[in-house]
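In what follows, a structure is listed as structure tokens, so that the remarks can point back to it.
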């Protein structure tokens with residue numbers, strides 16, 4: 001009888017404990033999002049760039065609205081490697097190719113020789129080629145541009161990548177083709193092939209009679 005009496009004495013506490021645990025579980029289910037976070041699962045993912053680009057493009061942060069085909073190209077002034085100020089307006093009235101790049105960007109390195117071929121084919125008066133570097137040390141850019149690759153077109157330093165952001169260069173490389181009237185005719189994000197480059201240039205270079 002004693003054994004039964006001790007068992008019966010414990011039953012109410014077991015019942016109360018069960019109710020308490022059940023209450024905690026219910027509270028976590030209903031209010032867990034507020035207790036442990038904002039509940040906005042998408043906010044985290046919006047801050048993480050897609051690193052799975054398969055088109056030879058390396059994503060970078062975007063600030064502001066991107067420049068679109070048909071828009072007037074944004075004016076900008078940047079320094080070259082000698083400290084001279086170079087403005088987009090300096091090339092008014094001629095076609096312009098603006099390429100956003102970085103030395104650490106493998107696709108950028110691969111397409112640079114294609115731009116050099118274009119430089120050899122057209123003079124600076126016929127086509128301006130502006131290679132806008134994405135916020136790197138000038139000495140390193142100089143060694144890469146001139147000593148390593150032997151390029152002869154114009155490198156510019158986008159310190160703080162303000163111009164890249166203004167143009168909406170959401171990945172590197174990004175190339176903007178601008179006609180003599182200052183309008184964007186084509187935008188290519190990722191590695192450019194020789195065929196694509198020639199196709200885009202045909203839209204901004206004067207057509208010659210054959």
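Residue-wise test of (1) in contact with a strand residue (DSSP E or B) (Cβ under 8 Å, 6 or more places away or on another chain); (2) within 18 Å of residue 184 (Cβ to Cβ); (3) assigned by TED's automatic domain parsing to the domain that holds residue 171.
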{"residue": "70", "(1), (2), (3)": "yes, yes, yes"}
{"residue": "74", "(1), (2), (3)": "no, yes, yes"}
{"residue": "83", "(1), (2), (3)": "no, no, yes"}
{"residue": "87", "(1), (2), (3)": "yes, yes, yes"}
{"residue": "92", "(1), (2), (3)": "no, yes, yes"}
{"residue": "95", "(1), (2), (3)": "yes, yes, yes"}
{"residue": "108", "(1), (2), (3)": "yes, no, yes"}
{"residue": "128", "(1), (2), (3)": "yes, yes, yes"}
query: Does at least one position in the stretch 168-189 carry a residue that is in a helix (DSSP H, G or I) and either surrounded by 17 or more Cβ atoms within 10 Å (Cβ to Cβ) or assigned by TED's automatic domain parsing to the domain that holds residue 84 (or both)?
result: no
field: Filter result for residue 132 (closer than 20 Å to residue 85 by Cβ and touching a residue at least 12 places away in the same chain (Cβ under 8 Å))
entry: yes
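Which residues, taken from the stretch 119-143, are in a helix (DSSP H, G or I) and surrounded by fewer than 19 Cβ atoms within 10 Å (Cβ to Cβ)?
119, 120, 121, 138, 139, 140, 142, 143
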task: Name every residue in the stretch 77-108 that is touching a helix residue (DSSP H, G or I) at 6+ places or on another chain (Cβ under 6 Å) and over 24 Å from residue 192 (Cα atoms), in order of residue number.
output: 81
task: Kindly check whether there is at least one residue in the stretch 145-166 that is more than 19 Å from the chain's Cα centre (by Cα), over 16 Å from residue 112 (Cβ atoms), crowded, with 18+ Cβ neighbours inside 10 Å and modelled with pLDDT of 95 or more.
output: no
task: Could you identify the single residue in 199, 111 that is assigned to a helix (DSSP H, G or I) and farther than 21 Å from residue 78 by Cβ?
output: 199
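The values are calculated or read from the model by the stated rules, or taken from the named source; none is laboratory data. Because the structure is predicted, anything quoted here is derived from the model rather than measured. A quick note on method: Cβ atoms are made from the backbone with ideal geometry, for glycine too, and the neighbour counts reach across all protein chains shown.
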